[in-house]
Amino acid sequence: MNSTGADALSDVHPAPSRTWRRRLFLIVAGVILAPVVFASLWPVTFASQEEIFEIPKGTFARHMAGDHHDLLPSEIDLVVGIHNVLTLKNSDDVPQTFGPTLLMPGQSLRIPFTRPSENNFNCTAHSNGQLLVLVEAAPAWPWERLSWRARRLLRSLSSPSTS
């Protein structure tokens with residue numbers, strides 16, 4: 001039997017079947033949905049309950065010299081019951097003010113937050129004199145965990161990287 005050119009091509013490259021397309025769809029859907037399901041079911045955890053920030057030595061001198069590049073973030077995000085203690089350490093040569101507290105050189109301040117809130121503090125370590133501490137409720141349900149992780153990811157992608 002002779003085979004024509006079209007028959008030879010169909011033997012080499014058979015047309016995709018519905019079963020093959022269905023399998024491909026399920027594989028792609030699984031690759032997309034597996035991380036989403038994992039992110040929604042995995043509990044929110046941190047290595048420590050504390051978020052530690054150190055005011056570096058020479059911060060006041062740099063601000064006085066006109067360098068207004070903040071070495072600390074202008075916003076700190078905490079989660080009630082999981083990651084809810086802010087610790088500030090003054091390693092600068094001069095006292096620094098945080099809210100109503102005067103931190104002497106070498107002194108630390110530890111503040112636990114127990115409920116969701118938005119807190120604005122006066123802070124002399126920042127060029128604008130302000131520090132925002134956002135305290136969120138711990139995400140308990142899968143949808144809350146997923147949206148919390150998505151917000152955190154978007155926030156990290158939209159904030160300028162520090163170098």
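The values are calculated or read from the model by the stated rules, or taken from the named source; none is laboratory data. Small disclaimer: the values here were computed from a predicted structure and weren't measured. Quick reminder, even Gly has a Cβ in these numbers, built from the backbone with ideal geometry, and neighbours come from all protein chains shown.
Restricting attention to segment 124-133, and to residues there that are in a strand (DSSP E or B) and in contact with a Leu (Cβ under 8 Å, 6 or more places away or on another chain), which single residue is surrounded by the fewest Cβ atoms within 10 Å (Cβ to Cβ)?
Step by step, filter segment 124-133, then rank; the result is VAL133.
Looking only at segment 58-70, count every residue that is surrounded by fewer than 14 Cβ atoms within 10 Å (Cβ to Cβ) and touching a Ser or Thr at 6+ places or on another chain (Cβ under 9 Å) and tell me the total.
Result for segment 58-70: 3.
If you scan segment 98-139, which residues turn out to be among the hydroxyl-bearing types (Ser, Thr, Tyr), free of Cβ contacts under 8 Å to residues at least 60 places away in the same chain and either touching a strand residue (DSSP E or B) at 6+ places or on another chain (Cβ under 7 Å) or within 20 Å of LEU71 (Cβ to Cβ) (or both)?
THR101, SER108, SER117
Quick check on my filter: what residues within segment 119-149 are over 30 Å from HIS63 (Cβ atoms) and among the small types (Gly, Ala, Ser)?
ALA137, ALA138, ALA140, SER147 - these are the residues of segment 119-149 that are over 30 Å from HIS63 (Cβ atoms) and among the small types (Gly, Ala, Ser).
Within segment 110-123, is there a residue that is in a strand (DSSP E or B) and among the basic types (Lys, Arg)?
Yes, segment 110-123 has at least one match.
Quick grid of which residues meet (1) within 21 Å of the chain's Cα centre (by Cα); (2) surrounded by fewer than 15 Cβ atoms within 10 Å (Cβ to Cβ); (3) at positive phi; (4) assigned to a strand (DSSP E or B):
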site: LEU72; (1), (2), (3), (4): yes, no, no, no
site: ILE76; (1), (2), (3), (4): yes, no, no, yes
site: THR87; (1), (2), (3), (4): yes, no, no, yes
site: VAL135; (1), (2), (3), (4): yes, no, no, yes
site: ALA138; (1), (2), (3), (4): yes, no, no, no
site: GLU144; (1), (2), (3), (4): yes, no, no, no
site: ALA150; (1), (2), (3), (4): yes, yes, no, no
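Please state which one of VAL85, VAL94 is of a type in the set (Val, Ile, Thr) and more than 30 Å from LEU146 (Cβ to Cβ).
VAL94
Quick one: which residue in SER108, SER117, SER127, SER91 is at pLDDT 85 or above, closer than 26 Å to SER156 by Cβ and over 21 Å from the mean Cα position of the chain (by Cα)?
Only one candidate passes the filter, namely SER91.
List the pairs whose first member sits in segment 53-71 and is of a type in the set (Lys, Arg), whose second member is surrounded by 13 or more Cβ atoms within 10 Å (Cβ to Cβ), and whose Cβ atoms are under 6 Å apart, counting only residues at least 6 apart or on separate chains?
So the pair list comes out as LYS57/SER91; LYS57/ASP92.
Right, PRO95: surrounded by 13 or more Cβ atoms within 10 Å (Cβ to Cβ), without any contact (Cβ under 8 Å) to a residue 12 or more places away in the chain and either in contact with a Ser or Thr (Cβ under 8 Å, 6 or more places away or on another chain) or farther than 15 Å from SER74 by Cβ (or both) or not?
In short, yes.
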